[in-house]
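Q: Below is a structure I'd like to ask you about.
Just so you know, all these numbers are worked out from the coordinates, no wet-lab data involved. Note that this is a predicted model, so its numbers are computed, not measured.
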Amino acid sequence: MSNVREFIDFWVENSVHPVEQYRTPGASQDVAELTRRLIEAAKGQGISEAELRAEIGDIAAYIEELLRAANRAESERREPHLAWISLAAPRE
C-alpha cells in the first residue's frame, strides 16, 4: 500500500463521519470543506493534490460517495427495519 493511500485511509477514518441524529452539531457534511481539508492535510504531509488525484480520482466525488455510504450505514444502524428503503431509493 502506498503512503498516499495510507494517508487517505487514515484521514477518511478520522474526518468522514455520518450526519448526527436530529442534525445536531457534529461532523461536517460539506463536500467542498472536506475536500479542502483533505488537500491541506495532505500538503502538510508532503503529498500533492496531484498525488491524491492519482490515487482516488476526483477528490470531491470520492468524499461525496464516502459521506453517502457513512450516512446510509448510520441510517440503517438506527432504523434497521427501514434499511430496504435506502436500497430501493433512486440515486440522485
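Q: Using each residue's phi in region 58-69, evaluate 6.51 cos²θ - 1.76 cosθ + 1.60 at θ = phi - 60° and report the 3J(HN,Hα) Karplus result to the nearest Hz, with x for Gly and Pro.
A: Rounded to whole hertz, the list is 5, 5, 5, 5, 4, 5, 4, 5, 5, 4, 4, 5.
Q: May I pose another question? Short version: ³J(HN,Hα) in whole Hz for each residue of region 40-52, in order, from phi by Karplus 6.51 cos²θ - 1.76 cosθ + 1.60 (θ = phi - 60°), x for Gly and Pro, what are they?
A: After applying 6.51 cos²θ - 1.76 cosθ + 1.60, I find 5, 5, 5, 4, x, 9, x, 10, 7, 4, 4, 5, 4 Hz.
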